[in-house]
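I'd like to ask you about the structure that follows.
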Amino acid sequence: MLNKIKVAHIITMLELGGAQSNTLYTVSNLDKSKFEVILVSGKGGILDKKINELAGVKTYFIDSLVRPINPLKDFSALLSIYKILLAEKPDIVHTHSSKAGILGRLAAKIAKTKIILHTFHGFGFNDFQGILRKTVFVLIEKLIAPISNKLIFVSEQNILTAKKEKIGNKNQYLLIRSGIKTSIYKKKYIDSVLIKKQLSLPLDSKVITNIAPFKPQKNLVDFISMAKIVSDKYKNSVFLIIGDGIQRPLIEEKIAEFNLQERVFLPGWRTDIAEILSITDIFAMTSLWEGLPRSAVEAFVCAKPVVSYAVDGINDVLKDGSNGYLVKPKDVNAISEKILLLLNSPELYKMMSTNAANTIDITFDIDYMVKQQEELYNTL
């Protein structure tokens, strides 16, 4: 009988997000008859409690593995990861997210791990950072890339960015999409009236939705500004933001400033995303950067047009004028105009809804994602 391949997945923190959810799904669903799986993470994420649901996955939490740059904690985290890898001796180390990607790969190299992989679920740098900060982050990624046997990307746009910034080389590049459980979003019947009542939404309203943590990357202040413009011109519109986070006070302040308390709803995090999308008419995103936004993929599977700022991985799936609209980042007037156009044009909306439903193929399915990773591990 062949020995199992031991794989250690390392991630900065188990927050609510696509990278974190997909990593948990991967470690839980890798074939345990072929793979022995370890998970290493920083502590304090909202998904930490999910660890108890992971059958056959040995987990290590590292207190010093944190998102902000902190030289003392970062060095401590590097040592802690190195000690874990030295003790566990995995055949493969697979890192996720920027901080864990840097420290995890360095520790794996020092521990002489055979195979080192990193998945970019987006980048730690973006065009909205100061030039010095961005330059430093790009330089770090360029210096650490040669350690990796493969660099995995969730979108083609991220591959183009890596090429542009000369991070790694094309022989290292591999596309494995950030997957979703597509079957969940294809339910035959959902009681939309009941769901609207639960959310205290008018039954005849048109619903514009966003799903995101309340943090600067998601730029939800622009979503509120858009809601003001659209609600003034389309009286039957309401707006849902599913999520929560550190910017809730700022968002609530903006809602109050525009007197939108009866039009914008913040029900917090919810697990019934398929049901939420079933009552959604248009999915709107104001993010300033993204890897591959899983919420937009979910919206497409539910046949909902998406209107979004044209950033990073969204360009892989959103085709302007076909299944939604792309507009220039920070152009609140433009995103508002496109949403109003869809609200006021039933035939156009129907066409885009049909196209949205046909956007997502098997490569976006989360079980296909796991299968691709298993094949990669076996090959290497």
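The values are calculated or read from the model by the stated rules, or taken from the named source; none is laboratory data. The structure displayed is predicted, hence computed values, not measured ones. Cβ coordinates were reconstructed from backbone atoms using ideal geometry, including for glycine residues, and neighbour counts include every protein chain displayed.
If residue 322 passes every condition in (1) part of a loop (DSSP other than H, G, I, E, B); (2) within 23 Å of residue 128 (Cα to Cα) but one, which one does it miss?
Condition not satisfied by residue 322: (2).
Another question, if that's okay. Restricting the search to segment 38-56, which residues are in a loop (DSSP other than H, G, I, E, B) and closer than 18 Å to residue 243 by Cα?
Answer for segment 38-56, where residues must be in a loop (DSSP other than H, G, I, E, B) and closer than 18 Å to residue 243 by Cα: 44, 45, 46, 47.
Just give me the residues in segment 146-156 being at pLDDT below 95 and surrounded by fewer than 19 Cβ atoms within 10 Å (Cβ to Cβ), in sequence order.
The answer is 156, and nothing else.
Are any residues in segment 234-264 small (Gly, Ala, Ser), within 18 Å of residue 216 (Cβ to Cβ) and touching a strand residue (DSSP E or B) at 6+ places or on another chain (Cβ under 9 Å), and if so, which ones?
Matches in segment 234-264: 243 only.
While we're here: Out of all the residues in segment 325-335, which are surrounded by fewer than 24 Cβ atoms within 10 Å (Cβ to Cβ) and outside any loop (DSSP other than H, G, I, E, B)?
326, 327, 332, 333, 334
Further question on the same structure: Could you list all residues from segment 110-120 that are crowded, with 17+ Cβ neighbours inside 10 Å and more than 16 Å from residue 19 (Cα to Cα)?
Those that are crowded, with 17+ Cβ neighbours inside 10 Å and more than 16 Å from residue 19 (Cα to Cα): 111, 113, 115, 116.
Which of the residues belonging to segment 159-191 are under 24 Å from residue 25 (Cβ atoms) and outside any loop (DSSP other than H, G, I, E, B)?
Selection gives 159, 173, 174, 175, 180, 182, 183, 184, 185, 186.
Which of the residues belonging to segment 292-310 are surrounded by fewer than 24 Cβ atoms within 10 Å (Cβ to Cβ), assigned to a loop (DSSP other than H, G, I, E, B) and within 17 Å of the chain's Cα centre (by Cα)?
Matches in segment 292-310: 310 only.
Six or more apart or on different chains, Cβ atoms under 7 Å: show the pairs whose first residue is in segment 240-255 and assigned by TED's automatic domain parsing to the domain that holds residue 271 and farther than 21 Å from residue 280 by Cβ and whose second is among the charged types (D, E, K, R) and assigned to a loop (DSSP other than H, G, I, E, B).
246/215; 247/215
Is it true that residue 277 is among the aliphatic types (A, V, I, L, M) and within 28 Å of residue 125 (Cβ to Cβ)?
Criteria not met by residue 277.
Conditions tested, residue by residue: (1) in a helix (DSSP H, G or I); (2) assigned by TED's automatic domain parsing to the domain that holds residue 242; (3) at pLDDT 95 or above; (4) out of contact with any Leu (no Cβ under 9 Å at 6 or more places or on another chain).
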position: 9; (1), (2), (3), (4): no, no, yes, no
position: 67; (1), (2), (3), (4): no, no, no, yes
position: 74; (1), (2), (3), (4): yes, no, yes, no
position: 78; (1), (2), (3), (4): yes, no, yes, no
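Still on this structure, please answer the following. For segment 235-264, which residues satisfy the criterion of being under 12 Å from residue 224 (Cβ atoms) and in a loop (DSSP other than H, G, I, E, B)?
Within segment 235-264, 247, 258, 259, 260, 261, 263 meet the criteria.
Working carefully through the options 363, 354, find the one that is in a helix (DSSP H, G or I), among the hydroxyl-bearing types (Ser, Thr, Tyr), without any contact (Cβ under 8 Å) to a residue 60 or more places away in the chain and farther than 22 Å from residue 286 by Cα.
Details: 363 fails: without any contact (Cβ under 8 Å) to a residue 60 or more places away in the chain.
None of the other options fit; the residue is 354.
Among 128, 123, which is buried (at least 19 other Cβ atoms within 10 Å of the Cβ) and not aliphatic (A, V, I, L, M)?
123
Now, a different point. Filter segment 265-291 down to the residues that are among the aromatic types (Phe, Trp, Tyr) and either assigned to a loop (DSSP other than H, G, I, E, B) or touching a Cys at 6+ places or on another chain (Cβ under 9 Å) (or both) and list them by number.
Those that are among the aromatic types (Phe, Trp, Tyr) and either assigned to a loop (DSSP other than H, G, I, E, B) or touching a Cys at 6+ places or on another chain (Cβ under 9 Å) (or both): 269, 283, 289.
While we're on this one: Checking residue 165 against (1) under 25 Å from the mean Cα position of the chain (by Cα); (2) assigned by TED's automatic domain parsing to the domain that holds residue 266, which single condition isn't satisfied?
All conditions pass for residue 165, except number (2).
Still on this model: Residue 258 is checked against (1) surrounded by fewer than 23 Cβ atoms within 10 Å (Cβ to Cβ); (2) within 30 Å of residue 175 (Cα to Cα); (3) in contact with a helix residue (DSSP H, G or I) (Cβ under 6 Å, 6 or more places away or on another chain) and fails just one. What number does that condition carry?
Against the list (1) surrounded by fewer than 23 Cβ atoms within 10 Å (Cβ to Cβ); (2) within 30 Å of residue 175 (Cα to Cα); (3) in contact with a helix residue (DSSP H, G or I) (Cβ under 6 Å, 6 or more places away or on another chain), residue 258 comes up short only on (2).
Which residue is farthest from residue 93 (Cα to Cα), if the candidates are limited to segment 160-174 and must be crowded, with 21+ Cβ neighbours inside 10 Å and hydrophobic (A, V, I, L, M, F, W, C)?
Out of the qualifying residues, it is 162.
Say we look at segment 175-206 and pick out the residues that are buried (at least 16 other Cβ atoms within 10 Å of the Cβ) and farther than 30 Å from residue 345 by Cβ; which of these is nearest to the chain's Cα centre (by Cα)?
Only one residue fits best here, namely 178.
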